[in-house]
Every structure is written in structure tokens, then in C-alpha cells.
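Visitor: Here it is, the structure in full.
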Amino acid sequence: QVQLVESGGGLVQAGGSLRLSCVGAGNIFRVSTVGWYRQAPGKQREFIALISSVGHINYGDSVKGRFTISRDNGKNTAYLQMSSLNPEDTGVYYCRVWGSAYDYWGQGTQVTVSS
């Protein structure tokens, strides 16, 4: 079992930045792929970014060039640095950790971008 706790969300003006953190308790964090997803009100959950255990990275088209995912395995933590935020980035951001036989999600952290 991996417990995931996201933090760093909040209210920010358009054009601003936030950094989200996802801390995972458990030994499998460092060998897992970590991803960030978001869900806006009334919309489906959307893929934002992922980073594999060896550092391979992918981004969703809507955040390329603005968001940066990273991880610190020594701290069992993944980060999502978000810049040039706009109101369309508003939503609940979820951390996900998965492998071949497991798939865990955090409770989410709210990000609200005001215009």
C-alpha cells in the first residue's frame, strides 16, 4: 500500500506559478512511475505529466512548455512546477503512482487560477 499526499495547491492569479508536491509513503515509490492529473468541474480527469522511475518524462499537450515534473526519490517526493497559469488550469490536481501490479491515487489538491 502506498499513501500519497499532495500539497501546494491554492489560489493564484493568471500568469502566476505554483509548485505541487506529492509525498509517497512506502518503499515502492522510488521504483514507480509518478503522474499528475487534474479534474476541472464537470470535466473528465486529464493527464498532465508523468515521470518514470528512471526519469523518462511525458507531458499533456495543454501544459507543455509551462509545467515541469520532477522527483526526488531520496525524499519519496514528486513535484509539479506550474508556470504561466491561466484560468483553464483550475481544478483538483491528483498524484498517481503505479507499476505493473499496483495503482494508487492521492486525495488531490485544489488549484484555482483567477483571471
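Visitor: Would it be correct to say that Gly9 is of a type in the set (Gly, Ala, Ser) and either within 15 Å of Thr112 (Cα to Cα) or more than 14 Å from the chain's Cα centre (by Cα) (or both)?
Guide: So Gly9 fits the description; yes.
Visitor: What number of residues in segment 61-94 are within 14 Å of Thr33 (Cβ to Cβ) and out of contact with any Phe, Trp or Tyr (no Cβ under 6 Å at 6 or more places or on another chain)?
Guide: Looking only at that region, the number is 4.
Per-residue answers, yes or no, for (1) closer than 21 Å to Gly16 by Cβ; (2) open to solvent by 60 Å² or more (accessible area, probe 1.4 Å); (3) aromatic (Phe, Trp, Tyr); (4) modelled with pLDDT of 95 or more:
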{"site": "Phe29", "(1), (2), (3), (4)": "no, no, yes, no"}
{"site": "Gly35", "(1), (2), (3), (4)": "no, no, no, yes"}
{"site": "Gln44", "(1), (2), (3), (4)": "no, yes, no, yes"}
{"site": "Gly65", "(1), (2), (3), (4)": "yes, yes, no, yes"}
{"site": "Val111", "(1), (2), (3), (4)": "yes, no, no, yes"}
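Visitor: For Ile57, state whether it is open to solvent by 20 Å² or more (accessible area, probe 1.4 Å), at pLDDT 95 or above and hydrophobic (A, V, I, L, M, F, W, C).
Guide: Yes.
Visitor: When residues of segment 93-103 are filtered for being modelled with pLDDT of 95 or more and either small (Gly, Ala, Ser) or surrounded by 19 or more Cβ atoms within 10 Å (Cβ to Cβ) (or both), how many remain?
Guide: Going through segment 93-103 one residue at a time, the tally reaches 5.
The values are calculated or read from the model by the stated rules, or taken from the named source; none is laboratory data. The model shown is predicted, which means the values in this text are computed figures rather than measured ones. Using ideal geometry, Cβ is built from the backbone for each residue, glycine included, and neighbour counts are taken over all protein chains shown. Heavy atoms of the whole protein, side chains included, go into the accessibility calculation; ligands, DNA and RNA do not. Shrake-Rupley method; radii C 1.70, N 1.55, O 1.52, S 1.80 Å.
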